[in-house]
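These notes concern the structure reproduced below.
The values are calculated or read from the model by the stated rules, or taken from the named source; none is laboratory data. Everything numeric here is computed off the predicted structure, so don't read it as measured data. When we count neighbours, we look across all protein chains shown, and the Cβ atoms used for this are built from the backbone with ideal geometry, even at glycine. SASA here: full protein model, heavy atoms, side chains in, ligands and nucleic acids out. Shrake-Rupley method; radii C 1.70, N 1.55, O 1.52, S 1.80 Å.
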Amino acid sequence: MKIQTYFSAPLVTLISALLFSTLVLADEDQINHFSIQEKIGFKETPVVNIEVSVSKKRDLHVAVVNTEGWKTVKKATKPIKQSGKFHFELPIADLQPGNYRVDAYLTPRRKDWNDRISEPVRQNMTVINEPQFKVVKKLTFAKQDKIKKVEFPKQVVGSQAVDLLINYEVTEARDLHIKLLDSGNWKEFGALKFPVAENGQITIPLTDMTTDFPASKYAWVIFLTERSKSEPISKKQGKHFLLIND
């Protein structure tokens, strides 16, 4: 029996280059969208996300200004060949904690602020006094520890691939226990334990169950306990199923 666990977690990778663009020419040169991180640490690199419409080749100018004294700490110029969406890094040497404003505007090629052809767009950015800015996730808890739902097929045939899905709620960090029992004599055939930090669900893919277990009637028994303890603090939930050979 092969067992894996899956937990959802978003993950974004930002690349230091212009990644893609479209082959569309615009009637008017303008910046349609502009964004940068609202907060970063002083060891991190600002990343520009921008969408532009251009009628011909243009230059995109980006400037990072420290709002205390209004000193420009970074300037960058990116050639824009066509309309599209882009993102790129703005490395800043010795970036200091503080408040900044990031400006962006378009000009004809090899021109500057005095020849701008679009109004500048601006966004504020705060550099915190930490190497990295970490988003603190607010954990979700319930008023009662319980197994809300268990899903599993009523019959599993041979090497069939199936999923055991468990939805649970906890009042604080707990251990989730999963046991496989013969439903005829309640002999235990396997046990798993997973630490859970908040309300959620877990999906366990299973394959080739008849390789490890004889054909019979079984039941999953699932419950919650305090961390590193074995006494259930939630009502046990069971799910019966029949395992048969191919």
Condition broken by Lys239, with the remaining ones in (1) modelled with pLDDT of 95 or more; (2) open to solvent by less than 50 Å² (accessible area, probe 1.4 Å) satisfied: (2)
Which strands (runs of 3 or more DSSP E) does region 151-228 wholly contain that include 2 or more residues that are open to solvent by less than 20 Å² (accessible area, probe 1.4 Å) and out of contact with any Cys (no Cβ under 9 Å at 6 or more places or on another chain)? 162-169, 174-182, 200-206, 216-225
Give me a count of the residues in region 135-150 that are part of a strand (DSSP E or B) and open to solvent by 70 Å² or more (accessible area, probe 1.4 Å). 3
Give the residue that is most open to solvent (accessible area, probe 1.4 Å), with candidates limited to residues of region 72-107 that are in contact with a strand residue (DSSP E or B) (Cβ under 8 Å, 6 or more places away or on another chain) and on the phi > 0 side of the Ramachandran plot. Gly98
So, in region 58-71, of the ones that are touching a residue at least 12 places away in the same chain (Cβ under 8 Å) and farther than 20 Å from His33 by Cβ, which residue ends up least open to solvent (accessible area, probe 1.4 Å)? Val65
Search result, residues across region 211-229 that are touching a residue at least 40 places away in the same chain (Cβ under 8 Å) and either over 21 Å from Ser183 (Cβ atoms) or touching a Phe, Trp or Tyr at 6+ places or on another chain (Cβ under 7 Å) (or both): Phe213, Trp220, Leu224, Thr225, Glu226, Arg227, Ser228, Lys229
List pairs: first in region 156-172 and aromatic (Phe, Trp, Tyr), second open to solvent by 60 Å² or more (accessible area, probe 1.4 Å) and outside any loop (DSSP other than H, G, I, E, B), Cβ under 8 Å, 6+ apart or cross-chain? Tyr168/Lys146; Tyr168/Lys148; Tyr168/Gln201
